[in-house]
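J.: So that we are looking at the same thing, I have put the structure below in structure tokens.
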Amino acid sequence: MEPISKIVVAKVTAKAIDLVTDAIKVLPNSEDVVEVAIATHLQTLCNRSSIIQSLGMPSPKSVSEDTTALKIGKLPRKFRRPGSKAKHISEIELVSRTKHFAILGDPGSGKTTTVMRLCQQFFQDAADFGNFQYPILVRAADIDDNLFCTIADELGLSYTVQENETQHSNKNIFGDEINEIEQKEEQSGGYVFAGARSLSIRKYLRGDRPLRNFLVDIFSKTSAFIFIDGLDEVHPEKRRRLNKDIEFLAASANGYGLLVSCRSADYQNIDGFTQVEIAALEEEEINFIVDRWCEEPRSFKEELNKTPYKDLATRPLFLSQIILLHNFSGFLPEMPTDVYSRIVRLALEGWDKDRGIKRKSKYSGFDQQRKHDFLSAFAFRLQIKRRASTFSRKELESIYSELCPQFKLPRTEAEEVAEEIQSHTGIFVADGYDTYAFTHFSLLEYLCAEYIIREPALENISDYLKARPEILAVCVALAPDANRWMQACMKAARIFLTTGDERAHSSISSLLRRLSIERPNFYEQADLGLLINDLVVLAEKSAPSAESRSTIQQSFDRLIQDAGVLNSLRAFFERCRISSFERNSDGSTNFHLDCLSPPETLLIAKEGTQLVSPAWVMMKTNDAVPFLVYEADFASKLSFVDAIES
């Protein structure tokens, strides 16, 4: 997309003014200020659509140079068959003479950016939109009274308001009776406003014609294209009326175009619109954004690919926030939990708050914090109890029935509550017919870990280790005292190994590997070193195969890069003394180590060789002085070699 030329903007503006001025000659009004209003609207629209400044960005980015066309699915996820491949349309196809489109997407998926890109196209010298001549952009949240008044104000067209009030003594008029009155008035372009004991019928007129009919004629004669951005940002009490206005525009269309945008979960069907949905970012789009937005794109990509939250990069808003973190410090946060918590806060509240949008829950007390708690409890039941990341409507209802008493939610409104959470947060979504899914697996794990970490006791750690060891690693990283949780994990893992369960080694490898990625805030503690050493010794001794033993070794090698773990192992070895040893017929030596706690542990190593021992501590003896010799890489990290007298 080329940068905007002032000459092109002037051409579009002049054309629009001429078209509208000529169209209103049939019903002129001296109070019209068409020339000034249209020039202001189009210049403002050109300026507004030329830049994007996401939450926390120190300076804006160019829409034409720093954004890319997103893939748009022809069919929203909730209508697709499970496993079916999505078909896409280009963004330029959204500006079609034959269809009106509703472009849907998750919060922060790029809906508004796509609308801005399309608006920019009108100011491109080579743009070809068929017969469409100029754009009109309405931000749904800015609609005060009704859609037609807002557009008339933007175009500088005057109108009059005619209002009649009817008194009613019946307090219960707000039922079927008022709906009938509304339907009658809507047919003539009127709006009904209900008071305590009265109905106010308000009509907006241009001369003696309803304003909406007059505007339809203007749009048809001037070939306008109308964008209405952010239907989900409209107050619920005004939403029904706005949808009716949009339906009227669509039904009356003759030569003009319409496009609306809305969060997927908040979209209410509007007659005459084809629904499409912005797809998750793919590698090519992610690379484009990183290259344009990140100060050090190469190092960012390398670091991101090593994190457990790289799946967050598939949503533009989340990707931009991770890029900002990297731009600020030159590297990504050491602890992934810092990123998880930032993104969850952003999804729950920060994104709307930054744009001045307040979303009111229909359920008393179900504010953003309670939604956060609900999502954590839901994630726990999904991951630990069901070991799943997607769920059916039946499963939704089952989990909801467990949670609704705690959150004081109606027992029969599982789907309604789910829709509100989808709309307000976008953390989980409808993902096919009668199917739901968390949009990002890393956030599902984090929310589940948040729930677990709030538990007052650690007696269920064995269950968590068997079900989801990766989530247990996130728990350790989130815990106020990481060492305490780590010790509990090591004890549970040791017991798991002694059961002979074939899943034990795989689970422990996953736990150790994920701990090395999550980087919990470990501190030096001999008891922790003892438990880690003891577990690794037992894991290697009981490994069912060389491959399993190698996997344990690799996981431990990653974990000992943490300074807290290394120092804890050092503290453990410093307090050990070899009490006795005996040589075995196979050439190995059994060393009995006296430790403060527990009183004794056993290590086995090949005598006089450089083979790695069960604890990655190599041991050999020269008859007189038994001592510990650490593997070269291990020694370079610990920076010491201990000689221990027998």
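The values are calculated or read from the model by the stated rules, or taken from the named source; none is laboratory data. A quick note: this is a predicted structure, and the numbers were derived from the prediction, not measured. All Cβ positions, even for glycine, are placed from backbone atoms using ideal geometry, and neighbour counts span all protein chains on display. The accessibility values were calculated without ligands, DNA or RNA, using every heavy atom of the protein model including side chains. Shrake-Rupley method; radii C 1.70, N 1.55, O 1.52, S 1.80 Å.
J.: Of all residues in the stretch 448-475, which are out of contact with any Asp or Glu (no Cβ under 7 Å at 6 or more places or on another chain) and hydrophobic (A, V, I, L, M, F, W, C)? Give the derivation first.
T.: We begin by selecting, within the stretch 448-475, every residue out of contact with any Asp or Glu (no Cβ under 7 Å at 6 or more places or on another chain); these are 448-469, 472, 475.
Across the stretch 448-475, the qualifying residues are 448, 449, 452, 453, 457, 458, 461, 465, 467, 472, 475.
J.: Here's a follow-up. Among (1) of a type outside the set (Asp, Glu); (2) buried (at least 19 other Cβ atoms within 10 Å of the Cβ); (3) over 29 Å from residue 321 (Cβ atoms), there is one condition residue 379 misses while meeting the rest; what is its number?
T.: The number of the failed condition is (3).
J.: Could you identify the single residue in 483, 533, 521 that is under 18 Å from residue 565 (Cβ atoms), in a loop (DSSP other than H, G, I, E, B) and of a type in the set (S, T, N, Q)?
T.: Working: 483 fails: in a loop (DSSP other than H, G, I, E, B); 533 fails: in a loop (DSSP other than H, G, I, E, B).
Unique residue meeting the criteria: 521.
J.: Pull up the stretch 481-505, narrow it to residues that are in contact with a Pro (Cβ under 8 Å, 6 or more places away or on another chain) and closer than 16 Å to residue 545 by Cα, then point me to the one that is least open to solvent (accessible area, probe 1.4 Å).
T.: Going through the qualifying residues, I end up with 505.
J.: Still on this structure, please answer the following. Select the strands (runs of 3 or more DSSP E) contained entirely in the stretch 163-231, then report the ones holding at least 2 residues which are open to solvent by 10 Å² or more (accessible area, probe 1.4 Å) and at pLDDT below 85. Even if it seems obvious, please write down each step before you answer.
T.: Working: elements: 190-194, 198-206, 224-229.
By residue number, 190-194, 198-206.
J.: May I ask you to list the residues in the stretch 276-285 that are in contact (Cβ under 8 Å) with a residue 12 or more places away in the chain and either crowded, with 20+ Cβ neighbours inside 10 Å or within 28 Å of residue 516 (Cα to Cα) (or both)? Steps first, answer last, please.
T.: The first filter runs over the stretch 276-285 and keeps only residues in contact (Cβ under 8 Å) with a residue 12 or more places away in the chain, leaving 276-282, 285.
Listed by number, the residues that qualify are 276, 277, 278, 280, 281, 282, 285.
J.: Now a separate question. State all residues of the stretch 12-64 that are basic (Lys, Arg) and either at positive phi or in contact (Cβ under 8 Å) with a residue 60 or more places away in the chain (or both); if no residue qualifies, say none. Spell out the reasoning first.
T.: First, the residues of the stretch 12-64 that are basic (Lys, Arg): 15, 25, 48, 61.
Passing the criteria: 15, 48, 61.
J.: So which residues in the stretch 417-439 are among the β-branched types (Val, Ile, Thr), open to solvent by 20 Å² or more (accessible area, probe 1.4 Å) and under 21 Å from residue 110 (Cα atoms)?
T.: Pass one, the stretch 417-439, residues among the β-branched types (Val, Ile, Thr): 417, 421, 425, 427, 429, 435, 439.
Filter once more, keeping what is open to solvent by 20 Å² or more (accessible area, probe 1.4 Å): 435, 439.
Answer for the stretch 417-439, where residues must be among the β-branched types (Val, Ile, Thr), open to solvent by 20 Å² or more (accessible area, probe 1.4 Å) and under 21 Å from residue 110 (Cα atoms): just 439.
Residue by residue, here is whether (1) among the β-branched types (Val, Ile, Thr); (2) open to solvent by 30 Å² or more (accessible area, probe 1.4 Å); (3) under 18 Å from residue 430 (Cβ atoms); (4) touching a residue at least 12 places away in the same chain (Cβ under 8 Å) holds:
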position	(1), (2), (3), (4)
263	no, no, yes, yes
268	no, yes, yes, yes
272	no, yes, no, yes
287	no, yes, no, yes
297	no, yes, no, no
304	no, no, no, yes
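J.: List the residue pairs whose Cβ atoms are under 6 Å apart, where the first residue sits in the stretch 524-552 and is within 14 Å of residue 510 (Cα to Cα), the second is open to solvent by less than 50 Å² (accessible area, probe 1.4 Å) and in a loop (DSSP other than H, G, I, E, B), and the two are 6 or more positions apart or on different chains.
T.: 536/615; 549/543
J.: Tell me, which residue of the stretch 104-129 that is modelled with pLDDT under 90 and part of a loop (DSSP other than H, G, I, E, B) is surrounded by the most Cβ atoms within 10 Å (Cβ to Cβ)?
T.: Looking at residues that are modelled with pLDDT under 90 and part of a loop (DSSP other than H, G, I, E, B), I get 123.
J.: If a residue has to be of a type in the set (Ser, Thr, Tyr) and outside any loop (DSSP other than H, G, I, E, B) to count, how many in the stretch 250-296 make the cut? Break it down into steps so the answer makes sense when it comes.
T.: Kept after step one, since they are of a type in the set (Ser, Thr, Tyr), are these residues of the stretch 250-296: 252, 256, 261, 264, 267, 274.
Narrowing the set further to residues that are outside any loop (DSSP other than H, G, I, E, B) leaves 252, 261, 264, 274.
Counting residues in the stretch 250-296 that are of a type in the set (Ser, Thr, Tyr) and outside any loop (DSSP other than H, G, I, E, B) gives 4.
J.: Give 311, 373, 338 a once-over and let me know the one that is in a helix (DSSP H, G or I), more than 16 Å from the chain's Cα centre (by Cα) and not hydrophobic (A, V, I, L, M, F, W, C).
T.: Values: 311 fails: more than 16 Å from the chain's Cα centre (by Cα); 338 fails: more than 16 Å from the chain's Cα centre (by Cα).
Going through 311, 373, 338 in turn, the sole match is 373.
J.: For residues that are farther than 27 Å from residue 435 by Cβ and among the β-branched types (Val, Ile, Thr), scanning just the stretch 79-97, find the one that is surrounded by the fewest Cβ atoms within 10 Å (Cβ to Cβ).
T.: Looking at the filtered set, the residue picked out is 92.
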